[in-house]
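Before any comments, here is the structure.
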Amino acid sequence: MAYADTLPKQRPFGSTNRPDAWWLQPLAVFLGFSAFIIYSTWAAFQGVGDMHNHTCSYWYGGNGANYLSPFYSPEFWGTSPHAIFGSILPAWWPSWAPFSPAFLILWIPGGFRFTCYYYRGAYYKAFWADPINCAVGEPRKKFLGEKSFPLIIQNVHRYFFYLAALFIILLGHDAWKGMWFTDALTGKQHFGIGVGTVILTLNTVFLAMYTFGCHSLRHLVGGFLDSKSKAPSCAKTYNCVSCLNQKHMMWAWISLFGVGLTDVYIRLCATGKISDFVFFILK
Amino acid sequence: MNKTVTFRIWRGDAQAGEFVNYTTEITEGLVVLDVVHKIQATQANDLACRWNCKAGKCGSCSAEVNGIPKLMCMTRMDTLNTDKPITIEPMRAFPSIRDLVTDVSWNFRVKTKIKKFNPRPPDAADGTWRMMQEDVDRVQEFRKCIECFLCQDVCHVLRDHHKHEEFIGPRFLVYTAALEMHPLDTEDRLAELKQTQGIGFCNITKCCTKVCPEHITITDNAIIPLKERVVDEYYDPLGWLWKKIRPQG
């Protein structure tokens, strides 16, 4: 008799003796992730209209400010002053394909989060019910895990980390630019702080706390060593990353909503729905 | 404060069984194992239940209380909602022997297949080694394991998908991590982890971490670091190149 035949039969989907609201956590995760995916997709497609109409709904320059939505940074081709190559699309971009500056870059933070160890565990439960929660019956009998295609691709996570770490530098640069306000009369730039500056800075900090608590980074900076005492700098870095890693889930959620709300704020300012409040400008 | 509470306890063996209701009075300070013993003494003398230390250190009284894998001796009654019947059943990842007792011998067979500790030659002439405390801190967490197998029970790869032939489960990934990350060990277990021990089956639900009575951070500190070592070896071309350029000890 095969060993599996001696085991209790697999329970049907949702079957459990847990009396608690076990469905609440996966439901909250499902709604939270879905809300972000829907909003970020919508926000990315707004750039298509901007390119077509030569408008800019993702950058705010009122009162001399310089706020770029993190969904659009770095901006290679686009309609804001941040666009590295201007607003004329490259010849290699198919004429039939819609273009938004966000299309070129969103796959990087998206890929980083999609392959993140925290997110993997969370969306396997919330979106794939594999399992829907601990000790609750599953809908499928077949299970491949991350051992075979397609989920074996999750092992690419560290490469997304390398790219995501670059983004922290770029977003830090955007936050720095958000601290400089251009005088409309003289064209000179003056240091200042507006609500947008604070939001851009906090967004970068939140994303950095999430990115630098990455499990792959934790491994790469010292986790791979068995004797860290022989590499004190690795040991210190490992301890720092481990410290952030302990709250990886918290930073994952804070930074997810942080980046979304940053886009919302800049979009509202850029489309004239609200005005940015400037605390001070040093002149 | 005394209170009358109903317990639904699984009675049966590998062939058949059912939940049987027992109503008994509980008093302040009891744990689930106390209640099971009381029912065994007063209402069901033939109720099978494995236990030993009653202190959360032997790992014998593993069961599922209200659907969650727990040590019965460490589950205080005042943490449960006693207004509704409390369900007590055996672990589902292992064959049932009788009532609350399961056959966990598969775990011991798995353990024999993992490459043993293989230390480097002794550092001193008297046959002893020297280690820094910070180097063994990480593996000492894994040594807290009491082998209650609650993590194996809650792991859906074993519990629901019955991958016992292909996956060693969280307990033995922790065991492997304790050996693999030991500063003295020289053995390489990565090929087995990837090929025959099925680390790729783990999809990081963290259920094992949640049920561990020793609070070992199984997923984050043992399984994911092992997964990353497997990535180093098999899925990272740049890492492979880096090791060729600058080999690590």
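So which chymotrypsin sites (Phe, Trp or Tyr not before Pro) in region A:121-199 are both in a DSSP loop and have at most 15 other Cβ atoms within 10 Å of their Cβ?
Details: sites: A:Y123, A:Y124, A:F127, A:W128, A:F143, A:Y159, A:F160, A:F161, A:Y162, A:F167, A:W176, A:W180, A:F181, A:F191; in loops: A:F127, A:W128, A:F143.
Here the chymotrypsin sites (Phe, Trp or Tyr not before Pro) that fit, given the DSSP loop and packing criteria, are A:F127, A:W128.
What does the average come to when, for each residue of peptide A:147-160, you count the partner chain Cβ atoms lying within 10 Å of its Cβ?
Working: counts 12, 2, 0, 0, 2, 3, 1, 6, 8, 3, 4, 7, 4, 0.
Average neighbour count from other chains, rounded to a whole number: 4.
For a test of the definition: using alpha carbon positions, the gyration tensor, and the 1.5 limit on a/c, classify region B:1-74 as rounded, prolate or oblate. Note, shape of region B:1-74 comes out oblate.
In chain A, the calculated helix contribution to ellipticity at 222 nm averages -15000 deg cm²/dmol per residue, counting -39,500 (n - 2.57) for every DSSP H run with n ≥ 4.
Considering lysine pairs in region B:3-102 that are 8 or more places apart or on different chains, how many have Cα atoms under 20 Å apart?
Details: B:K3/B:K38; B:K3/B:K84; B:K38/B:K54; B:K38/B:K70; B:K38/B:K84; B:K54/B:K70; B:K57/B:K70; B:K70/B:K84.
Taking region B:3-102 as the scope, the lysine pair count is 8.
The ranking of B:W51, A:W107 by Cβ neighbour count inside 10 Å, starting from the fewest, reads A:W107, B:W51.
Within 10 Å of each Cβ of B:160-167, how many other protein chain Cβ atoms are there on average?
Per residue, the number of nearby Cβ atoms from other chains is 6 on average.
Largest mean-square fluctuation among A:Y117, A:Y58, A:Y72, in a Gaussian network model of chain A whose springs join Cα atoms under 10 Å apart, belongs to A:Y117. In loop segments of region B:69-132 as defined by DSSP, the chymotrypsin sites (Phe, Trp or Tyr not before Pro) with at most 13 further C-beta atoms inside 10 Å of their C-beta are B:F117, B:W129.
Taking the Cβ of A:N203 as the centre, find all other residues whose Cβ is under 13 Å away and add up their charges (Lys, Arg: +1; Asp, Glu: -1). Show your work: numbers first, answer last.
Values: positive: none; negative: A:D174, A:D263.
So the surrounding residues net to -2.
Which shape class applies to region B:105-245: rounded if a/c is under 1.5, otherwise prolate when a/b exceeds b/c and oblate if not, where a ≥ b ≥ c are the square roots of the Cα gyration tensor eigenvalues? Mind dumping the intermediate values first?
Working: a/c = 1.78, a/b = 1.29, b/c = 1.38.
Cα axes put region B:105-245 in the oblate bin.
Here the Gaussian network model covers chain B, with springs between Cα atoms less than 10 Å apart; of B:Q15, B:Q152, B:Q43, B:Q15 fluctuates the most.
Pairs A:K141/B:K227; B:K163/B:K243; A:K141/B:K206: which are spaced more than 31 Å apart, C-alpha to C-alpha?
Working: A:K141/B:K227 24 Å; B:K163/B:K243 34 Å; A:K141/B:K206 20 Å.
Table pairs above 31 Å Cα-Cα are B:K163/B:K243.
Once you sort the root eigenvalues of the Cα gyration tensor of the protein assembly as shown as a ≥ b ≥ c, which label holds: rounded (a/c under 1.5), prolate (a/b larger than b/c) or oblate (the other case)? Prolate, because a/c is 1.5 or more and a/b exceeds b/c. Using a Cα-Cα cut-off of under 20 Å, which lysines could be cross-linked to A:K236, ignoring same-chain neighbours fewer than 8 residues away? Straight-line reach from A:K236, under 20 Å: A:K228, A:K247.
Please arrange B:E25, A:E146 by counting, for each residue, the other beta carbons lying within 10 Å of its beta carbon, fewest first. Could you put the intermediate results ahead of the total?
Numbers: B:E25 11, A:E146 19.
Neighbour counts put them in this order, fewest first: B:E25, A:E146.
Shielding value for A:124-135 is 5, the average number of Cβ atoms from other chains within 10 Å of each residue's Cβ. Please work out the Cα center distance from region B:214-231 to region A:10-25, rounded to the nearest Å. One Cα centre to the other: 26 Å.
What FRET efficiency do you get for B:E192 and B:S105 if R0 is 30 Å and r is their Cβ-Cβ distance, rounded to the nearest 0.05?
On the way: r = 21 Å, r/R0 = 0.70.
After rounding to 0.05, the efficiency reads 0.90.
Taking amide hydrogens as placed 1.01 Å from N in the peptide plane, the amide H of A:A83 sits under 5 Å from that of no residue at least 5 positions away in sequence or on another chain.
Listed by chain and number, the lysines whose C-alpha is less than 20 Å from the C-alpha of A:K177, apart from same-chain residues fewer than 8 away, are A:K188, A:K283. Express in whole angstrom the spacing between the alpha-carbon centres of region A:39-74 and region A:175-214. Centre-to-centre (Cα) distance: 16 Å. Place a point 7 Å from the Cα of B:N81 along the Cα-to-Cβ direction; which residues of region A:19-44 have their backbone N under 11 Å from it? Residues passing the 11 Å test: A:19-22. For chain A, modelled as a GNM whose springs connect Cα atoms under 10 angstrom apart, the maximal fluctuation among A:F36, A:F212, A:F85 occurs at A:F85. Positive-end ranking of A:G272, A:G86, A:Q46 along the dipole of chain A, with charges on Cβ about the Cα centre, is headed by A:Q46. Restricting the trypsin sites (Lys or Arg not before Pro) of region A:120-187 to loop positions (DSSP other than H, G, I, E, B) with no more than 15 neighbouring Cβ atoms within 10 Å leaves A:R140, A:K141, A:K142. Name the aspartates and glutamates eligible as straight-distance cross-link partners of B:K116: C-alpha to C-alpha under 12 Å, and not fewer than 8 places from it in the same chain. Candidates past the 8-residue exclusion: B:E180, B:D185, B:E187, B:D188. For the listed peptides A:274-281, B:136-143, a ranking on the average number of other beta carbons within 10 Å per residue, highest first, reads B:136-143, A:274-281.
Taking neighbour Cβ counts within 10 Å as the exposure measure, how do B:D135, B:D126 sort from fewest upward?
B:D126, B:D135
Here, each number is a calculation from the coordinates, and none is a lab measurement. Computed from a predicted model, the values in this text were never measured in an experiment. Please note: Cβ atoms are built from the backbone with ideal geometry, for glycine as well, and neighbour counts cover all protein chains shown.
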